[in-house]
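**Student:** Encoded as structure tokens, here's the structure I'll be asking about.
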Amino acid sequence: MSNSNEPMTGPVTSADRPAPIQAIPVRHWGQMIAGVIVIALLAAFLYAVATNQNIDWSIVGENLFNSTILSGLWITISLTILSMIIGIVLGIGLAIMRLSPNRVLNSVAAGYIWIFRGTPQLVQLLLWFNLALFFPRLGIGDFSVDTNTVITAFVAALLGLGLNEGAYMAEIVRGGILSVDHGQSEASMALGMRRQKTMFKIVLPQAMRVIIPPMGNDLITMLKMTSLVTVIAAPDLLNRAQTISVRNFYIFELLIVASIWYLVLTTIATIIQSRLEKRFARGIAARPSTRARVLKNLKPGRVESIAAVTEPNATPEDHGVKS
Amino acid sequence: MTTPMVKAEDVHKSFGQVEVLKGINLEVRAREVFCLLGPSGSGKSTFLRCINHLERVDAGRLSVDGQLVGYKERAGKLYELNENEIADQRQDIGMVFQRFNLFAHMTALQNVMMAPIQVRNEPKKDVRERALQLLERVGLADQSHKYPSQLSGGQQQRVAIARALAMKPKLMLFDEPTSALDPELVGEVLDVMRNLAESGMTMIVVTHEIGFAREVGDSLVFMDAGVVVEQGTPREVLSNPQHARTQAFLSKVL
Ligand SMILES: Nc1ncnc2c1ncn2[C@@H]1O[C@H](COP(=O)(O)OP(=O)(O)OP(=O)(O)O)[C@@H](O)[C@H]1O
Ligand SMILES: [Mg+2]
């Protein structure tokens with residue numbers, strides 16, 4: 001039945017190619033047995049959960065799109081995005097400071113990274129939330145406000161997550177910057193480009209290829225990390241799920257509701273991440289449109305963006321700097 | 001007497017304990033092709049990089065077109081230039097590197113257009129036109145949309161030359177522009193350089209291409225261990241080297 005027994009009818013090019021090897025593959029008995037055991041255990045677990053009389057699956061269904069849950073979901077999404085933005089901006093700044101020949105800038109950035117990476121995220125959240133204990137009022141001289149009105153649970157959460165992320169992002173960005181061949185910035189400087197432009201036009205765009213994968217990981221970590229803000233009573237997804245279960249006592253069901261949403265979010269984030277990675281893995285030959293878009297998102301409203309160079313007919317107005 | 005394009009007087013440069021340039025004296029006249037020859041480690045690249053202040057000179061005076069590099073002199077005192085002033089000085093000096101160093105995330109055309117737009121704020125339309133002309137001049141009009149990774153070494157180096165020319169420099173520095181190229185690609189780059197020399201550009205060329213030096217060069221300097229050993233016209237130095245070190249070096253490369 002094999003092809004080799006039949007007359008060759010294919011294209012001429014394959015005429016003198018030998019028949020593919022037909023051999024009985026090595027059987028991995030150990031792997032097969034392990035596979036069977038794992039599947040059996042998994043099935044038993046799923047059966048136990050699905051048929052457990054103590055889990056009321058209808059409660060899960062009823063609460064999945066409950067408006068309280070959805071409001072928590074929204075808070076979780078916005079906390080994630082805003083904290084990541086704070087983290088990225090801060091991270092770029094800190095990374096540049098860290099690589100600067102200026103000792104003071106360098107040490108300040110190193111100290112920042114040391115403190116924020118060396119203390120637990122949860123402790124940082126609690127510190128921001130309790131800021132009013134040390135600084136009852138914030139401001140200078142006559143212009144000050146009650147700390148508790150400014151540092152709401154949401155703001156404390158944002159500060160706690162964003163400032164912490166900045167420290168991690170700084171190391172990621174620094175790694176990305178160091179991955180770009182020194183000849184690139186040298187060529188840029190030799191053309192008369194200033195240090196800052198060299199960084200933002202030449203080095204950082206190329207560092208993105210190295211920065212994006214770990215940044216995607218951080219985004220996913222951040223999605224889950226936001227659940228920590230529950231302890232400072234920020235109304236995130238977990239917190240909303242818990243306020244419902246406090247009333248109806250379906251603790252496990254509502255944790256499942258929250259878990260389903262976390263899974264949805266992390267899955268979406270993972271898909272976005274792998275898309276971005278693929279774009280940037282093409283790396284040096286990346287389509288300018290992608291790059292331009294990412295860059296534009298990084299620093300909105302700059303006139304001389306790469307996009308401006310790419311699109312010959314684009315006027316500055318196209319890039320949103322008119323106003 | 002006209003001002004020389006580059007004038008080096010007793011230029012010294014050390015990296016840590018190691019003195020790489022031990023008092024370089026030379027003059028490069030405007031519109032001449034000045035070739036620098038010497039064994040590896042003799043300080044040729046370092047000297048070239050001092051000219052556009054990619055390296056700082058430790059002692060001596062180095063000036064381009066009558067202007068001190070990296071410093072300004074007022075009332076007999078030297079003041080270091082700040083970063084922006086240094087960037088401004090570099091605008092007029094084009095540099096071509098051994099490893100091309102094209103911006104990897106930009107097309108050939110974008111590479112050439114970059115500096116005039118970013119540094120001089122020239123209108124994009126004019127720059128684009130000029131960039132296309134330059135790419136045509138180096139024989140790459142049809143490759144303008146390609147990324148460096150899609151170009152051969154010779155093509156990349158020609159784009160790099162066009163990129164430097166886009167800033168309308170008064171001086172071009174070439175640091176072994178063909179050393180990283182496959183032998184069959186060397187010619188196309190040398191052709192572009194020859195063409196550039198004919199147009200009257202002042203060029204300082206570090207090269208091991210003796211044929212190019214002999215044919216295109218107006219002056220030739222042989223450097224060894226951080227000093228100028230011998231200088232003259234290429235014909236004099238290459239055919240009738242006076243110094244033993246020059247003779248030894250030439251016997252190896254010729
Ligand atoms: N940034 C640096 N830090 C320390 N030492 C350096 C640095 N740059 C160059 N050197 C040293 O200075 C010496 C001269 O180097 P340079 O690159 O100027 O030589 P070259 O004549 O261009 O040699 P080649 O033909 O190999 O390019 C070498 O010994 C080199 O190791
Ligand atoms: Mg060299």
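**Student:** In peptide B:111-124, how many Cβ atoms from other protein chains are near each Cβ within 10 Å, on average?
**Tutor:** 4
**Student:** Still on this structure, please answer the following. Around B:Leu181, what is the net charge, scoring Lys/Arg as +1 and Asp/Glu as -1 over all other residues with Cβ under 12 Å from its Cβ?
**Tutor:** Values: positive: B:Arg99, B:Arg158; negative: B:Glu176, B:Asp182, B:Glu184, B:Glu188, B:Glu209.
Residues near B:Leu181 contribute -3 overall.
**Student:** For segment B:147-212, give the magnitude of the charge dipole about the Cα centre (Cβ charges: +1 Lys/Arg, -1 Asp/Glu; no others), in debye to the nearest 20.
**Tutor:** Dipole magnitude for segment B:147-212 comes out near 400 debye.
**Student:** A follow-up question, please. Taking the Cα centre of each part, how many Å lie between segment B:189-224 and segment B:60-107?
**Tutor:** Comparing the Cα centres of segment B:189-224 and segment B:60-107, I get a distance of 22 Å.
**Student:** When the helices in the protein assembly as shown are scored as -39500 (n - 2.57) per DSSP H run of 4 or longer and the sum is shared across all residues, what 222 nm value do you end up with, to the nearest 500 deg cm²/dmol?
**Tutor:** Computed mean residue ellipticity for the protein assembly as shown: -17000 deg cm²/dmol.
**Student:** So, one more: Over segment B:1-49, what portion of Cα pair distances is larger than 12 Å, expressed as a whole percent?
**Tutor:** For segment B:1-49, the fraction of Cα-Cα distances above 12 Å is 68 percent.
**Student:** As an exercise, find the ratio Rg/Rh for segment A:57-280 from alpha-carbon atoms, using the Kirkwood inverse-distance average for Rh.
**Tutor:** Taking Rh as the inverse mean 1/r over Cα pairs, Rg/Rh reads 1.06.
**Student:** Note the buried accessible area between A and B here, summed over both chains, with a 1.4 Å probe, in Å² to the nearest 100.
**Tutor:** Rounded to the nearest hundred, the buried surface is 2900 Å².
**Student:** Taking the Cβ of A:Val229 as the centre, find all other residues whose Cβ is under 12 Å away and add up their charges (Lys, Arg: +1; Asp, Glu: -1).
**Tutor:** Here the count lands on +1.
**Student:** Suppose the Debye formula is applied to equal point scatterers at every Cα of segment A:108-217; what is log10 I(q)/I(0) at q = 0.21, 0.24 Å⁻¹?
**Tutor:** After summing over all Cα pairs, the log10 values are -1.05, -1.21.
**Student:** If we sort A:229-237, A:104-112, A:216-224 on the protection proxy, mean other Cβ atoms within 10 Å, highest first, what's the order? Before the final figure, lay out each step's value.
**Tutor:** Details: A:229-237: 22.6, A:104-112: 14.3, A:216-224: 18.6.
Answer by packing, highest mean first, reads A:229-237, A:216-224, A:104-112.
**Student:** When Cβ neighbours within 10 Å are restricted to other protein chains, what is their mean count per residue of peptide A:152-161?
**Tutor:** 0
**Student:** May I have the pair-distance distribution P(r) for chain B, computed from all Cα-Cα distances with 10 Å bins from 0 and rounded to whole percent?
**Tutor:** All Cα pairs considered, the percentages come to 7, 30, 35, 22, 6, 0.
**Student:** Heavy-atom accessible area per residue, chain B, 1.4 Å probe: how many Å²?
**Tutor:** 43 Å²
**Student:** Could you sort the peptides A:131-143, B:188-200, B:235-247 by per-residue average Cβ neighbour count (10 Å cutoff), highest mean leading?
**Tutor:** Ranking the peptides A:131-143, B:188-200, B:235-247 by packing returns B:188-200, B:235-247, A:131-143.
**Student:** Averaged over peptide B:98-104, how many Cβ atoms belonging to another chain are found within 10 Å of each residue's Cβ? It would help to have the intermediate numbers written out before the result.
**Tutor:** Details: counts 1, 3, 2, 9, 4, 10, 12.
Mean inter-chain Cβ contacts per residue within 10 Å come to 6.
**Student:** Could you compute Rg(Cα) / (2.2 N^0.38 Å) for segment B:101-185, with N its residue count?
**Tutor:** The reported ratio for this selection is 1.04.
**Student:** Same structure again: Order of A:184-193, B:117-126, B:167-176 by packing, highest average Cβ count within 10 Å first?
**Tutor:** Put in order of decreasing packing, that is A:184-193, B:167-176, B:117-126.
**Student:** Continuing with this model, one more query. Would you report the distance distribution of C-alpha pairs in segment A:12-144 as whole percents per 10 angstrom bin, up to the bin with the largest distance?
**Tutor:** Per 10 Å bin, starting at zero, the Cα-Cα P(r) for segment A:12-144 comes out as 8, 13, 18, 16, 16, 16, 9, 2, 1, 0 percent.
**Student:** Taking the Cα centre of segment A:57-280 as the origin, how large is its charge dipole in debye, to the nearest 20, when only Lys and Arg (+1) and Asp and Glu (-1) carry charge on their Cβ atoms?
**Tutor:** Magnitude of the dipole: close to 680 debye.
**Student:** Which entries in the list A:Lys224/A:Lys278; A:Lys278/B:Lys124; B:Lys13/B:Lys77; B:Lys72/B:Lys124; A:Lys201/B:Lys124; A:Lys201/A:Lys224 go over 27 Å, if you measure between the two C-alpha atoms of each?
**Tutor:** Beyond 27 Å: A:Lys278/B:Lys124; B:Lys72/B:Lys124; A:Lys201/A:Lys224.
**Student:** Just subtract the alpha-carbon distance of B:Ala59 and B:Ser239 from 0.36 nm times their residue separation and send over the number in nm, one decimal.
**Tutor:** Details: separation 180, 0.36 × 180 = 64.80 nm, distance 3.38 nm.
The span from B:Ala59 to B:Ser239 would gain 61.4 nm if fully extended.
**Student:** Next up: Under 11 Å from the Cβ of A:Ser259, count the other residues' Cβ atoms, weight Lys and Arg +1, Asp and Glu -1, and hand me the total.
**Tutor:** Neighbourhood net charge equals 0.
**Student:** Hey, rough spin-label estimate for A:Ser274 and A:Ser259, points 7 angstrom out along Cα→Cβ, what's it come to in nanometres?
**Tutor:** According to this spin-label approximation, the distance is 2.3 nm.
**Student:** Per residue and in cubic angstrom, what volume does the convex hull of the Cα atoms of the protein assembly as shown have?
**Tutor:** 303 Å³
**Student:** A further question follows. For chain B, what is the charge dipole size about the Cα centre, in debye to the nearest 20, if Lys and Arg each add +1 at the Cβ and Asp and Glu each add -1 at the Cβ?
**Tutor:** Taking the Cα centre of chain B as origin, the dipole is about 400 debye.
The values are calculated or read from the model by the stated rules, or taken from the named source; none is laboratory data. Fair warning: this is a prediction, and the values are worked out from it, not measured in the lab. Here the Cβ is made from the backbone with ideal geometry for all residues, glycine too, and neighbour counts use every protein chain on show. To get the accessible areas, we keep the full protein, side chains included, count just its heavy atoms, and leave off ligands, DNA and RNA. Shrake-Rupley method; radii C 1.70, N 1.55, O 1.52, S 1.80 Å.
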